[in-house]
Amino acid sequence: MGLASVVVTAVVVAVVGAALMRVLERHTERAWAVWVAVAGSVLVVSLTGPLGAATLGAGVCLALLHLTVGAVVIGGLWRSRRRGVA
């Protein structure tokens, strides 16, 4: 998997996450809590992917990549929500 596919996948995940947040904000008062639970669950499930890596080092790198994307998406939507952007 090249850099471009990693970036595209991260952007798609962020856009889908933002769309879900907008839908939740329209339908529930606890949108942020529900969204964080969903995002956390998706992050945990995504961490099963690196378990199939060829080497321990590759698995650790993939897990760190997943955690980084998760932190950026969750943190970014939290910041944009506070500013009223998302």
Quiz item: In degrees, nearest 10, range 0 to 90: what is the angle between the Cα axis of helix 56-83 and the longest Cα principal axis of the chain?
Solution: 10
Practice problem: Please give the helix 3-27 orientation as an angle from the longest Cα principal axis of the chain, in degrees from 0 to 90, rounded to the nearest 10. | Solution: 30
Self-check item: Estimated [θ] at 222 nm from DSSP helical runs (n ≥ 4, -39500 (n - 2.57)) normalised by residues in the chain, nearest 500
Solution: -28000 deg cm²/dmol
Self-check item: Options A71, L47, V60, ranked by Cα towards positive dipole end of the chain, top entry (Cβ charges)
Solution: A71
Exercise. Relative to the longest principal axis of the C-alpha atoms of the chain, give the angle of the C-alpha long axis of helix 31-46, reported between 0 and 90° and rounded to the nearest 10°.
Key: 10
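Values in this text are rule-based calculations from the coordinates and carry no lab data. Just so you know, these numbers come straight off a predicted model, no measurement behind them. For neighbour counting, all protein chains shown are included, and Cβ atoms are generated from backbone atoms with ideal geometry for every residue, glycine included.
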